[in-house]
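Let me begin by presenting the structure, written as structure tokens, before commenting on it.
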2 protein chains.
Amino acid sequence: MRVLGVDPGLTRCGVAVVEGSRSPMLLHVSVVRTDADLDTPRRLVTIEAELDALMERWLPDVVAVERVFAQNNLNTVIGTAQAAGTAMMVGARRGIPVAEHTPSEIKAAITGSGRADKAQITTMVTRILSLDAPPRPADAADAAALAICHLWRGATKNRITEAVAARGRQRPDLEARAQEIAERQRRAVSQARAKATASTNARTGIRKPASRGRTTT
Amino acid sequence: MRVLGVDPGLTRCGVAVVEGSRSPMLLHVSVVRTDADLDTPRRLVTIEAELDALMERWLPDVVAVERVFAQNNLNTVIGTAQAAGTAMMVGARRGIPVAEHTPSEIKAAITGSGRADKAQITTMVTRILSLDAPPRPADAADAAALAICHLWRGATKNRITEAVAARGRQRPDLEARAQEIAERQRRAVSQARAKATASTNARTGIRKPASRGRTTT
């Protein structure tokens, strides 16, 4: 199973693609940045376009997004929720099941403790993914932790996600419109992709090409 | 000037299209509903598709969205913020300036008091728009109030919005990608439009066809 994890934020969205189960492999890690000088609507358009290009490139089986709580930092929670919503919408529009995990679920899955600190998470992520050094950029480590969390919490929650997605698919009207839009997006992205791929490769350490011959896990 | 107002919500998004200035005219009012049985990602996809179809049909000069505050109802604020974010993103993707107004700005613009109740708002909206009866569905009256608020608060705030949008347009990379996606969206929607138009006409009172020979205000 291939999971694309998104640690949402209006200024920075950490993104990681992880594949496997017991010995997961990091395929991609990057940060989608938006310009603080832009208004929120345009920043969301940037996030939409970049996440869509990443999903087009990596074809994840599941998109995992960190759940945003209303009690989070009041100054940023609305923007963070909107970035998370954009990530979820982009995934669902492509027909990919979308799962949310809470920060404490992620911490517990990775370190065994729901109260682990950032350094512990990064150390464990580096070890789990058999990396020589912590993932860069540093703030994408949380996205990698999220993707691993999804792989490991797996079974039950994935079945629920799939059941919900299947239920959605029983609404042919919505499904048809979503597919139309997704199809247009795919074509839109194919042009932008070459550029995105080049710039992404330049700023991240890729361990494996994007070949989509489903790795057996 | 033609304004499309969106009163955001995950379950119901009120939408109104208002044109003019001193004697604004209601061109369209409806509610975009999503099925509570669907997961949030699929609900956001529905909101995206329906709002995009409405913008394609009504070609507003501005999209006005009610601002969501972190202090709002904790049970629904995240979903409401995500619906608002989707509305803003759909507008920005089409290159339409997007403005946010707070509930008290709306109340003050419509009734003269930032603390007016729902009944007062509805009464004033009905009067301002020279309607024989309050707009139906009732929960779209807030969207009409929002659109009127934008027209009336106008000048200063609109200039700011346009300046911000122009600044975004100075970033040709983002602009190019946004335009690509918007172009694909336009084509996607043209197919879905005939159906959406038919169903929208069925459930709303249209006062004027969608002719886009810019009304002089």
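All of the numbers you see were taken from the coordinates with simple rules; none came from a lab. Just so we're clear, the structure is a prediction, and the values are computed from it rather than from any experiment. We place every Cβ from the backbone using ideal geometry, glycine too, and count neighbours over all the protein chains shown.
What order, most packed first, do the peptides B:96-103, B:138-145, B:59-66 have when packing is the mean number of other Cβ atoms within 10 Å of each residue?
Details: B:96-103: 20.9, B:138-145: 24.6, B:59-66: 23.1.
Result, highest mean Cβ count within 10 Å first: B:138-145, B:59-66, B:96-103.
Considering only B:N72, B:A108, B:A92, and ranking their Cα positions along the charge dipole of region B:1-116 that arises from unit charges at the beta-carbon of Lys, Arg, Asp and Glu, the one farthest toward the positive end is B:A108. In whole Å, how far is the Cα centre of region A:76-111 from that of region A:1-40? Rounded to whole Å, the Cα centres lie 10 Å apart.
For B:L27, nonlocal amide neighbours, meaning residues 5 or more places apart or on other chains whose placed amide H falls under 5 Å from its own, are B:V17, B:V18, B:E19.
Let me know the shape class of region B:30-118, please: from the alpha-carbon gyration tensor, a ≥ b ≥ c as square roots of the eigenvalues, rounded when a/c is under 1.5, otherwise prolate if a/b is greater than b/c, or oblate. Let's see the in-between values first.
Values: a/c = 2.01, a/b = 1.21, b/c = 1.66.
The shape class here is oblate.
Using a 10 Å cut-off around each Cβ of peptide A:43-53, what is the average number of partner chain Cβ atoms that fall inside? Display every interim value, and only then the final one.
Values: counts 6, 10, 15, 8, 2, 10, 6, 2, 0, 2, 1.
For peptide A:43-53, the averaged partner shielding equals 6.
Near the amide H of B:E100, within less than 5 Å, lie the amide hydrogens of B:V65, all on another chain or at least 5 residues away, with H placed in the peptide plane. Sequence-ordered 3J(HN,Hα) estimates for region A:122-139 from the Karplus curve with 6.51, -1.76 and 1.60 and θ = phi - 60° stand at 4, 4, 5, 4, 4, 5, 4, 8, 6, 8, 6, 9, x, x, 10, x, 4, 6 Hz, glycine and proline given as x.
Amide H to amide H, with H built 1.01 Å from N, B:R2 comes under 5 Å of B:D61, B:V62, counting only residues 5 or more places away or on other chains. Site pair A:D132 and A:R33 shows an inter-label distance of 2.5 nm when each label is modelled 7 Å from Cα along Cα→Cβ.
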